[in-house]
Amino acid sequence: MKRGLTPAHVTFLAFGFAFLYVPIALLILFSFNDSRLVTVWGGFSTRWYASLWSNAQLVASLRASLIVAVTSAAIATALGTIAAYALARFGRFSGRSVFSAILYAPLVLPEVITGLSLLLLFVAFGVERGLTTVIVAHASIGMCFVAVVVYPRLAGMDRSLEEAAMDLGATPLRTFLSVTLPLAAPAIASGFLLAMTISLDDLVIASFTSGPGSTTLPMRIYSQVRLGVTPEVNAISTLMILFVAVCLLLGVLITRRAAPDRTA
Amino acid sequence: MSEPVLRLSRLTKKFGTVTAVDQVSLDIRPGEFFALLGPSGCGKTTLMRMIAGFETPDSGVIDLEGRDLSPVPPHRRPVNMMFQSYALFPHMNVERNIAFGLVQEGLPKAEIATRVADMLDLVQLKGLAARKPHQLSGGQKQRVALARALAKRPKLLLLDEPLAALDRKLREDTQFELMRIQRELGASFMVVTHDQDEAMAMAQRIAVMRAGVIEQIGPPQDVYLQPANTFVAGFIGKINLFPAKVVAVALGRSRLALDAGFEMNLPRADLQVGSVITLAVRPEDLAVEASGEGAAGQVLDSVFLGETSLTRIALPNGQVVQAARMNAARNGAWQMKRGDSVRVQIPPAAARVLAS
């Protein structure tokens, strides 16, 4: 078969990329629009980025979002790594397949349902909704993603490395800390970044589980857009895109750098 | 004789319905180089992993210097293991790899540094202390793995197929290297291998294992010259097996009728008249002449292997035997061509009677 790019390939590729990225490019472009009218180009300006910081509501929700993202991602990483370790190392314990199915289910479950069920849980236990409940909700979703990213790394790791550590006198805990964890670190870091971006992006689950004073950035943007798109929203969205892009890039770089280890 | 370092008594391990190790008993003596030899899947690796503590025996005792190891977890067992894959920690350099076991012991830093330097010296890897495993060649990795396992000065070192990942030339050099290191340290080495040449070259005693059972234990010469059965005979080196019937026993000699179509005397009187036995003869012991006594054979082919030549000969009953001869200059050339008629004889002193 002929390889390389034919004109047809280039056309398809161009359409594909356009379909994905033209809307985002437009959004970024209009965030630098001097005009107050969103769809009319009034010259280049960064004034909306400046005015962001005087919008107390936006800044407050940005802060809320960052707190939620970092905290929930940290919890998700710890729990997800432990879950992945259990799946990869404890052999065929009873209920293993059920456990792995339950772990991965939230990945495919509609967010509305996840959000609703979490809301019901919090109401049933009389937990007052606020930042904490959003953190718990995001941690539970993020945990699945972390487990999915970390599991293959642990499963693909040469078992004899851990055995060698124990053979040399390392307790199981020391073995985990000084051998397993460092070797799985790239996957764990990618898992953390993934959990963080998912938390930052989430609107639906946050809407269900947040309370007064814990409005996240996506919720704030959504509610503002209902009153009309402002260039400020474009500006903050552009910042979010930048942040997520950096996270993804970091994730890729970490995985790349770890690649030589895999053969060893 | 001194007390054994390790004593296994009726050790058994089952995986489901398969018995991987079946009632194995053996002793490892202090300072001994011991080889556990067998085809893959014979249970030798399982046996080693039980000694290291990575598998739990179903029954039997692992006794190390008078202490039962069964309840001791792997990280507290005073044995160390060199893994077939070497299992070097990829995120640590050579020095930290070797120091790992010593750090776990909580030795003072200065002591660790000296021991690591000694180990690097022992395996001749001075100057590579800062390298990461992926910057090492296969042979260097093997040495680091050895140094790491020896750094804790174990009473018994287990080596799982230590030479399998090396190429042929390096393997031969490393054999002598392992023997030198073992002599210098005076520790007991137990090597698991499927390579009979390796076992013969290095070990003071060999245990031949098949299907979870030890078929024979002894020095290489004994195992080679006096194999306990046809499996051992065939696994250690090449062997010709001649089925034979005992036709008479008298005056300290037995008269045998071989299926190959000739009769011969054997200088032993402990055989039952009428019984069927197997005579085992190494290719180098088989006498092949152009004429005379013995079975009439036809040369199938003859290969020149450098130091020896190997000839395959078809006997009247269809059996094909192998004969070998050294190509030393004083022997002259061994002229064997396909189709040559020869006479094959078994020198009575070279024939072993096997209980099939």
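Numerical summary
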| item | result |
| --- | --- |
| Burial ordering of A:S140, B:S254, fewest other beta-carbon atoms within 10 Å first | A:S140, B:S254 |
| Loop trypsin sites (Lys or Arg not before Pro), segment A:1-79 (other Cβ atoms within 10 Å of the site Cβ: 12 or fewer; DSSP) | A:K2, A:R3, A:R36 |
| Fewest-first sequence of A:F122, A:F93, B:F242 by Cβ atoms within 10 Å of each Cβ | A:F93, A:F122, B:F242 |
| Pairwise label distance in nanometres, A:F12 with B:T19, each label 7 Å out on the Cα-Cβ vector | 6.1 nm |
| Residue-averaged [θ]222 nm for chain A, counting only DSSP H segments that reach four residues, each worth -39500 (n - 2.57) | -25500 deg cm²/dmol |
| Förster radius 25 Å - calculated FRET efficiency between B:E172 and B:D121, Cβ distance, rounded to 0.05 | 0.65 |
| Percent of alpha-carbon pairs separated by more than 17 Å within segment B:66-113 | 50 percent |
| Radius ratio Rg over Rh of the protein assembly as shown, counting only Cα atoms, Kirkwood formula for Rh | 1.17 |
| Inter-chain Cβ neighbour average for residues A:42-54, partner chain, 10 Å | 0 |
| Scattering curve values for segment B:1-118, log₁₀ I(q)/I(0), Debye with Cα scatterers, q = 0.14, 0.18 Å⁻¹ | -0.73, -1.05 |
| Net charge, B:S59 excluded, C-beta distance under 12 Å - Lys, Arg +1, Asp, Glu -1 | +1 |
| Candidate lysines - alpha carbon under 29 Å from B:K132, same-chain residues fewer than 8 apart omitted | B:K109, B:K141, B:K152, B:K155, B:K169 |
| Proximal lysines to B:K14, defined as alpha-carbon separation beneath 23 angstrom and excluding residues fewer than eight positions away on the same chain | B:K44 |
| In order through segment B:119-130: 3J(HN,Hα) via Karplus (6.51 cos²θ - 1.76 cosθ + 1.60), integer Hz, x for Gly, Pro | 5, 4, 5, 4, 9, 6, 10, 4, x, 10, 4, 8 |
| Number of partner chain Cβ atoms within 10 Å, mean per residue of A:155-165 | 5 |
| Stokes-Einstein diffusion coefficient of segment B:154-211, Kirkwood radius over Cα pairs, 4 °C, 1.567 mPa s, in µm²/s | 108 µm²/s |
| Nearest-0.05 FRET efficiency for B:T56 and A:Y21, computed from C-beta distance (R0 51 Å) | 0.35 |
| Relative contact order, percent, chain B [alpha-carbon distance under 8 Å, six or more residues apart] | 15 percent |
| All aspartates and glutamates inside 19 Å of B:K238 as judged from Cα atoms, apart from same-chain residues fewer than 8 positions distant | B:D195, B:D197, B:E198, B:E215, B:D222, B:E284, B:D285, B:D301, B:E307 |
| All Cα pairs of segment A:1-47, percent lying beyond 15 Å | 58 percent |
| Listed residues B:I112, B:P283, B:G297: farthest to the positive end of the dipole of chain B (Cβ charges) | B:I112 |
| Rg and Dmax of segment A:56-263, Cα atoms only, in Å | 19.2, 66 |
| Distance histogram for segment B:240-354 (every C-alpha pair counted, 10 angstrom bins, percent rounded to whole numbers) | 14, 45, 28, 12, 1 |
| Volume per residue that the Cα convex hull of segment A:1-112 spans, once the total is divided by residue count, Å³ | 249 Å³ |
| By average C-beta atoms within 10 angstrom, highest first, the peptides A:97-103, B:73-79, A:187-193 | A:187-193, B:73-79, A:97-103 |
| Integer Hz, Karplus 6.51/-1.76/1.60 couplings in order for segment B:202-213, x for Gly and Pro | 9, 8, 7, 9, 10, 10, 9, 10, 9, 6, x, 10 |
| Convex hull volume per residue in cubic angstrom - Cα atoms of chain B | 187 Å³ |
| Cα gyration tensor of segment B:58-213 - equivalent ellipsoid semi-axes, whole Å, descending | 25, 22, 14 |
| Relative exposure of A:V127, A:V148, B:V5, judged by other C-beta atoms within 10 Å (fewest first) | A:V127, A:V148, B:V5 |
| Estimated [θ] at 222 nm from DSSP helical runs (n ≥ 4, -39500 (n - 2.57)) normalised by residues in chain B, nearest 500 | -7000 deg cm²/dmol |
| Alpha-carbon Debye profile of segment B:190-246, log10 I(q)/I(0) at 0.19, 0.27 Å⁻¹ | -0.64, -1.19 |
| Shielding by partners - mean other protein chain Cβ count within 10 Å, residues of B:101-109 | 3 |
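Values in this text are rule-based calculations from the coordinates and carry no lab data. Computed from a prediction, not measured in an experiment: that's the story for all the values here. Ideal geometry is used to build each Cβ from the backbone, glycine not excepted, and the neighbour counts take in all protein chains shown.
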